[in-house]
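Below is one structure, written out as structure tokens; the observations come after it.
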Amino acid sequence: MALSKRGDYWYGTTLEDLKAEVVRFSKGNKYEAVAFAPSQCGCGGKHFRLESDETEGVAQRTCSGCGETVLMGDSAEFVVDARLEKHFCICDSEVFELLSGVALYEGSNDVRWYYIGCRCSACSLVGVFAEWKCEGGDAAALLSKV
Ligand SMILES: [Zn+2]
Ligand SMILES: [Zn+2]
């Protein structure tokens, strides 16, 4: 499948489609996402509620299956000051598949910008729901904690 546009929104059926949307969005932000990782809960669940605070650079996901919460990437370092707000789709659903993407500093593996792509489990809308400048260090290490 591929991305399709309805009105102002993009829709996709797979994580590859979501990745394409994260790339599209990140190019518009000048810092192109080049490394990616999908979120998967320890229980095997792939559907999450998402809360974030872009100012502090914090995102927390909650598994819709078992309820486990995880602070994504380097969020744990900044969570004390965060005011987390829950994300909703335009269809009012609050459950998403999540794909993290990062842009890197030139010639390094160090994270420069962090994007969180969401694919709505109800209506298949895809979009970057949270993104911020992130000095999270090594990309592989950061993406192992999403
Ligand atoms: Zn779970
Ligand atoms: Zn939706």
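Which of the numbered conditions does residue 31 fail, given that it passes all the others? Conditions: (1) surrounded by 17 or more Cβ atoms within 10 Å (Cβ to Cβ); (2) of a type in the set (Ser, Thr, Tyr); (3) free of Cβ contacts under 8 Å to residues at least 60 places away in the same chain; (4) part of a loop (DSSP other than H, G, I, E, B).
Against the list (1) surrounded by 17 or more Cβ atoms within 10 Å (Cβ to Cβ); (2) of a type in the set (Ser, Thr, Tyr); (3) free of Cβ contacts under 8 Å to residues at least 60 places away in the same chain; (4) part of a loop (DSSP other than H, G, I, E, B), residue 31 comes up short only on (3).
Given the condition assigned to a loop (DSSP other than H, G, I, E, B), in contact with an Asp or Glu (Cβ under 6 Å, 6 or more places away or on another chain) and not basic (Lys, Arg), answer yes or no: does some residue in region 110-121 qualify?
No, region 110-121 contains no residue that is assigned to a loop (DSSP other than H, G, I, E, B), in contact with an Asp or Glu (Cβ under 6 Å, 6 or more places away or on another chain) and not basic (Lys, Arg).
Of all residues being surrounded by fewer than 16 Cβ atoms within 10 Å (Cβ to Cβ) and within 16 Å of ligand 2 (Cβ to nearest atom) in region 96-124, which is nearest to residue 40 (Cα to Cα)? Just the residue, please.
Filtering region 96-124 for residues that are surrounded by fewer than 16 Cβ atoms within 10 Å (Cβ to Cβ) and within 16 Å of ligand 2 (Cβ to nearest atom), the one nearest to residue 40 (Cα to Cα) comes out as 122.
Count, please, the residues in region 52-90 that happen to be within 16 Å of ligand 1 (Cβ to nearest atom) and farther than 26 Å from residue 110 by Cβ.
Within region 52-90, residues that are within 16 Å of ligand 1 (Cβ to nearest atom) and farther than 26 Å from residue 110 by Cβ number 8.
Here is a list of conditions, (1) within 16 Å of ligand 1 (Cβ to nearest atom); (2) closer than 17 Å to residue 11 by Cα; (3) within 11 Å of the chain's Cα centre (by Cα), and residue 95 meets all of them except one; can you say which number that is?
Residue 95 satisfies every listed condition except (3).
Quick check on region 71-95: of everything there that is touching a strand residue (DSSP E or B) at 6+ places or on another chain (Cβ under 7 Å) and outside any loop (DSSP other than H, G, I, E, B), which residue is nearest to ligand 2 (Cβ to nearest atom)?
If we take residues in region 71-95 being touching a strand residue (DSSP E or B) at 6+ places or on another chain (Cβ under 7 Å) and outside any loop (DSSP other than H, G, I, E, B), then 86 is nearest to ligand 2 (Cβ to nearest atom).
When you look at residue 49, is it within 16 Å of ligand 1 (Cβ to nearest atom), of a type in the set (D, E, K, R) and free of Cβ contacts under 8 Å to residues at least 60 places away in the same chain, yes or no?
The answer is yes for residue 49.
Bear in mind these aren't lab numbers, they're just calculated from the coordinates by the rules spelled out. Just so you know, these numbers come straight off a predicted model, no measurement behind them. Don't worry about glycine lacking a Cβ; one is built from the backbone with ideal geometry, like all the others, and counts go over all protein chains shown.
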